[in-house]
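Novice: Before anything else, here's the structure in question.
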Amino acid sequence: MKYFKRSLVFGFFVAFGLVGQSDAMNPHNAYMNLTGKTRPPIGHVQFCNSNPEHCKRVAGQDRSMELTAERWDELIRINHLVNQSVIPVSDLDLYARPEVWTFPGRYGDCEDYVLLKRHYLLEKGWPAGSLLITVVRRPDGEGHAVLTVRTDRGDFILDNLQPLIHHWTETPYAYVKRQSSKNPERWEGIADARGRVGPVASTN
């Protein structure tokens, strides 16, 4: 619990600009730059085919969330809960298949963490357009999935590999593509502000 409290306090300071100057406070980098329609990951297509209720377009949901202290606390609690309750296991080890997107039980991989966090936040009243599954590339070149949270203070990242929530420019990733805020089944490319985009073969 000591870690959790430190995470909450530090995260609050970062989000509300109470520590230093960084890219998070630069209005040009606060939000990801999108490059237009692109192919969705096959795992997400299969997930939507099996769970259409979780991929339907909802009128009025294309908006970011006002990031109050209460909403920030909510993000931290749900990020911590899911990260602590799910044990990371690859799809190959769990299902003997390379790509399976689903809500995790005790085990799951990166996109399963994302799906569950998104689900919990939707239940808390967050608009669907503010919670976008995002494909990135790790520094080692491996594909990875995180949850981008669109707020009035910029785009923030919920990640099973990072205990703290960070602004997107303060993560070690190259950003490749994410869900459209207008339609959960559509995806858009991302022009990484640091110029580190590239192909991603997997999101495990």
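Novice: Sort out which residues of the range 77-88 are open to solvent by 70 Å² or more (accessible area, probe 1.4 Å) and part of a helix (DSSP H, G or I), and write them in order of number. If you could, list the steps in order and put the result at the bottom.
Specialist: Our first condition is that a residue be open to solvent by 70 Å² or more (accessible area, probe 1.4 Å); within the range 77-88, this holds for 77, 81, 84, 88.
Across the range 77-88, the qualifying residues are Arg77, Leu81, Gln84.
Novice: Quick one: count up the residues across the range 47-76 that are loosely packed, with under 15 Cβ neighbours inside 10 Å and without any contact (Cβ under 8 Å) to a residue 60 or more places away in the chain.
Specialist: Qualifying residue count for the region: 9.
Novice: Do you know which residues across the range 101-133 are open to solvent by 40 Å² or more (accessible area, probe 1.4 Å) and of a type in the set (Gly, Ala, Ser)?
Specialist: Across the range 101-133, the qualifying residues are Gly105, Gly125.
Novice: Can you spot a residue in the range 22-34 that is in contact with a His (Cβ under 9 Å, 6 or more places away or on another chain) and hydroxyl-bearing (Ser, Thr, Tyr)?
Specialist: Yes; the residues of the range 22-34 include at least one that is in contact with a His (Cβ under 9 Å, 6 or more places away or on another chain) and hydroxyl-bearing (Ser, Thr, Tyr).
The values are calculated or read from the model by the stated rules, or taken from the named source; none is laboratory data. What you see is a predicted model; the values in this text were computed from it and never measured. Positions of Cβ are generated from backbone atoms using ideal geometry, with glycine treated the same way; all protein chains shown enter the neighbour counts. For accessibility, only protein heavy atoms count, side chains too; no ligands or nucleic acids. Shrake-Rupley method; radii C 1.70, N 1.55, O 1.52, S 1.80 Å.
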